[in-house]
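Okay, structure first, notes after.
The values are calculated or read from the model by the stated rules, or taken from the named source; none is laboratory data. Just so it is clear, the model here is predicted, and its values are computed rather than measured. All Cβ positions, even for glycine, are placed from backbone atoms using ideal geometry, and neighbour counts span all protein chains on display.
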Amino acid sequence: MNALAAPSPRWPLRLARRAVSPALFDFWATRVNPLWTLEQPLARLVSRSAESRDAVTLVFRPNRHWAGLRAGQHVSLGVTIGGRRLVRSYSPTPLADGTLAITVKAITGGLVSTYLANEAAIGEVVSLDKAFGDMTVTSASENLLLLAAGSGITPMRALLRDLAERGMPVDVDLFYWARQQDELCFVDELKALAAAHPRLRVHFHLTREAAQPGVRVDAVSFDAVSALAERRVLACGPGGFVEAARVRLADTVARFDAEAFSLPAITGDDNAGEVEVHLARSGRTLTLPRSKSLLEGLEAQGVRPAHGCRMGICNSCACERQSGSTRHILTGDRSSEPSTQVRLCISAPRTDLILDL
Ligand SMILES: Cc1cc2nc3c(=O)[nH]c(=O)nc-3n(C[C@H](O)[C@H](O)[C@H](O)COP(=O)(O)OP(=O)(O)OC[C@H]3O[C@@H](n4cnc5c(N)ncnc54)[C@H](O)[C@@H]3O)c2cc1C
């Protein structure tokens with residue numbers, strides 16, 4: 001059994017489940033041991049080390065409610081900062097001893113990333129939600145082209161370690177972009193993997209290196225990648241990078257999967273001005289900008305809707321739009337159907353709205 005898990009036998013837990021709510025149980029149990037909960041996966045920070053100029057690797061040991069994850073998946077991690085609980089997605093590398101290595105790049109002005117990178121102390125406990133995501137590799141027959149920019153390297157690193165453990169059964173080319181050399185993560189590890197596995201090739205591209213600025217994904221040459229048309233592409237990074245990769249490759253390769261770590265800017269006619277958003281349950285009416293997601297707009301007004309990935313993947317923020325029109329930030333699609341579920345994190349308001357919140 002995990003040394004940090006609650007040592008109690010099963011029947012008191014069953015009794016506890018019937019007698020009290022998980023929240024009440026957790027409230028009291030975590031006062032005895034910060035990792036004791038009825039159901040909620042929690043993890044304790046056990047080590048931290050610098051990974052690059054602005055990224056830190058944090059190693060967490062989860063409690064016994066953590067169900068594990070497949071390489072390439074991500075998890076919603078919750079921290080409390082200044083009394084406020086904030087949740088963001090991270091792509092851990094599962095380590096052999098059951099811990100999780102999470103590499104966090106500090107984003108200027110970013111609440112959670114700067115806290116984790118600069119302040120989170122050894123012993124601090126964070127919440128984890130169930131892992132999810134389709135950036136996984138189960139087939140041993142699809143040759144891969146991995147594209148990563150910035151912190152988009154994290155799921156790729158997990159995938160490459162997993163593939164290496166399986167003997168690198170497919171051809172893999174990793175293209176990894178950063179602005180400058182000292183922003184690259186895992187350089188020695190990636191080079192060592194490539195040296196040990198001839199089927200893996202790693203290509204670094206530095207876009208702001210004064211001596212020889214690298215070429216971005218929209219113009220880079222893929223001539224070195226054999227049989228490009230038969231490859232499965234996995235792309236990960238900021239929204240603009242993923243979109244450029246999609247435009248460049250989606251129609252020319254066997255399969256294109258991508259995960260954006262940030263939303264693209266909301267552009268076009270729809271983004272100017274403000275609308276009135278009525279929250280049916282609380283009875284509040286707020287004025288929100290059309291240039292932000294509903295989630296960001298509501299948070300800026302002090303409303304804290306449930307949410308997870310903030311990228312339209314996990315559905316935790318889905319809520320009924322009773323009337324009005326919204327725009328899907330990733331696809332640009334407009335939707336006005338009444339009584340429809342919308343994901344607050346990837347929907348921007350177009351007209352006045354009524355939400356079931
Ligand atoms: C599926 C998934 C997996 C992720 N895995 C990782 C990971 O392993 N490591 C990691 O460091 N990050 C990862 N992220 C990004 C992470 O969830 C946060 O978005 C990031 O840490 C910034 O959070 P914040 O609270 O500091 O910024 P916020 O306070 O939420 O935002 C501050 C500003 O930064 C912008 N921003 C947010 N994220 C990024 C970004 N990645 N690049 C550029 N600008 C950004 C926002 O648009 C906003 O303007 C992942 C995101 C997703 C959706």
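Do you know which residues across the range 79-122 are small (Gly, Ala, Ser), outside any strand (DSSP E or B) and either closer than 21 Å to Asn63 by Cβ or more than 12 Å from the ligand (Cβ to nearest atom) (or both)? First the steps, then the outcome.
Step one: of the range 79-122, the residues small (Gly, Ala, Ser) are 82-83, 89, 91, 96, 98, 101, 106, 109-110, 113, 117, 120-121.
Cutting the leftovers down to outside any strand (DSSP E or B) gives us 82-83, 91, 96, 98, 106, 109-110, 113, 117, 120-121.
Scanning the range 79-122 gives Gly82, Gly83, Ser91, Ala96, Gly98, Ala120, Ala121.
Hand me the list of strands (runs of 3 or more DSSP E) wholly inside the range 283-347 holding 2 or more residues that are closer than 23 Å to Gly273 by Cβ, out of contact with any helix residue (DSSP H, G or I) (no Cβ under 8 Å at 6 or more places or on another chain) and polar (S, T, N, Q). Please lay out each step first, then the result.
Values: elements: 284-289, 318-323, 326-328, 340-343.
Of the strands (runs of 3 or more DSSP E) lying wholly inside the range 283-347, those with at least 2 residues that are closer than 23 Å to Gly273 by Cβ, out of contact with any helix residue (DSSP H, G or I) (no Cβ under 8 Å at 6 or more places or on another chain) and polar (S, T, N, Q) span 284-289, 318-323.
For every residue, the table says whether it meets (1) in contact with a strand residue (DSSP E or B) (Cβ under 6 Å, 6 or more places away or on another chain); (2) of a type in the set (Phe, Trp, Tyr); (3) not assigned by TED's automatic domain parsing to the domain that holds Arg343.
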| site | (1), (2), (3) |
| --- | --- |
| Val253 | yes, no, yes |
| Phe256 | yes, yes, yes |
| Gly273 | no, no, no |
| Leu279 | yes, no, no |
| Thr285 | yes, no, no |
| Ser291 | no, no, no |
| Leu298 | no, no, no |
| Pro305 | no, no, no |
| Cys309 | yes, no, no |
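Please pick out the residue among Thr285, Thr351, Thr340, Thr267 that is of a type in the set (Val, Ile, Thr) and within 25 Å of Ala245 (Cβ to Cβ).
Working: Thr285 fails: within 25 Å of Ala245 (Cβ to Cβ); Thr351 fails: within 25 Å of Ala245 (Cβ to Cβ); Thr340 fails: within 25 Å of Ala245 (Cβ to Cβ).
Among Thr285, Thr351, Thr340, Thr267, only Thr267 is of a type in the set (Val, Ile, Thr) and within 25 Å of Ala245 (Cβ to Cβ).
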> Is there any pair linking a residue in the range 169-186 that is within 16 Å of Ala211 (Cα to Cα) and part of a loop (DSSP other than H, G, I, E, B) to one that is among the β-branched types (Val, Ile, Thr) and at pLDDT 95 or above, with Cβ under 8 Å and at least six apart or on different chains, and which?
Replying inline: none
> Within the group Asp270, Asp251, which residue is in a loop (DSSP other than H, G, I, E, B), more than 16 Å from the ligand (Cβ to nearest atom) and of a type outside the set (Ser, Thr, Tyr)?
Replying inline: Asp251
> Being closer than 30 Å to Ser141 by Cβ, of a type outside the set (D, E, K, R) and away from the ligand (no atom under 16 Å from the Cβ), is that true of even one residue in the range 318-330?
Replying inline: no
> What are the residues in the range 114-137 that are on the phi > 0 side of the Ramachandran plot and in contact with a strand residue (DSSP E or B) (Cβ under 6 Å, 6 or more places away or on another chain), if any?
Replying inline: Gly133
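Would you point out the residue of the range 50-78, among those that are among the small types (Gly, Ala, Ser) and within 18 Å of Asp188 (Cβ to Cβ), that is farthest from the ligand (Cβ to nearest atom)?
We begin by selecting, within the range 50-78, every residue among the small types (Gly, Ala, Ser); these are 50, 52, 55, 67-68, 71-72, 76, 78.
Imposing the further condition that a residue be within 18 Å of Asp188 (Cβ to Cβ) reduces the set to 50, 52, 55.
Working: Ala50: 14, Ser52: 11, Ala55: 7 Å.
Ranking the candidates gives Ala50 first.
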>> Within the range 316-337, does at least one residue satisfy the condition of being modelled with pLDDT under 95 and among the basic types (Lys, Arg)?
In response: yes
> Can you name every residue in the range 233-251 that is closer than 17 Å to Ile313 by Cα and among the β-branched types (Val, Ile, Thr)?
Replying inline: Val242
> Does the range 210-241 hold any residues that are part of a strand (DSSP E or B) and more than 16 Å from the ligand (Cβ to nearest atom), and which are they?
Replying inline: Arg232, Val233
>> Name the single residue that is farthest from Pro92 (Cα to Cα) among those in the range 297-313 being within 11 Å of the ligand (Cβ to nearest atom) and free of Cβ contacts under 8 Å to residues at least 60 places away in the same chain.
In response: Glu299
>> So His278 ticks every box in (1) assigned to a strand (DSSP E or B); (2) at pLDDT 95 or above; (3) surrounded by 19 or more Cβ atoms within 10 Å (Cβ to Cβ) but one. Which box is left unticked?
In response: (3)
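Only residues that are more than 8 Å from the ligand (Cβ to nearest atom) and either within 15 Å of the chain's Cα centre (by Cα) or within 27 Å of Leu159 (Cβ to Cβ) (or both): list them for the range 123-134, please.
Kept after step one, since they are more than 8 Å from the ligand (Cβ to nearest atom), are these residues of the range 123-134: 123-132, 134.
If the condition is that a residue be more than 8 Å from the ligand (Cβ to nearest atom) and either within 15 Å of the chain's Cα centre (by Cα) or within 27 Å of Leu159 (Cβ to Cβ) (or both), then Val126, Ser127, Leu128, Asp129, Lys130, Ala131, Phe132, Asp134 are the ones that fit.
Every residue, every condition in (1) within 16 Å of the ligand (Cβ to nearest atom); (2) touching a strand residue (DSSP E or B) at 6+ places or on another chain (Cβ under 9 Å), yes or no:
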position	(1), (2)
Gly332	no, no
Val342	no, yes
Cys345	yes, no
Leu353	no, yes
> Conditions: (1) under 17 Å from Arg53 (Cβ atoms); (2) buried (at least 18 other Cβ atoms within 10 Å of the Cβ); (3) within 16 Å of the ligand (Cβ to nearest atom). Thr207 meets all but one. Number of the miss?
Replying inline: (2)
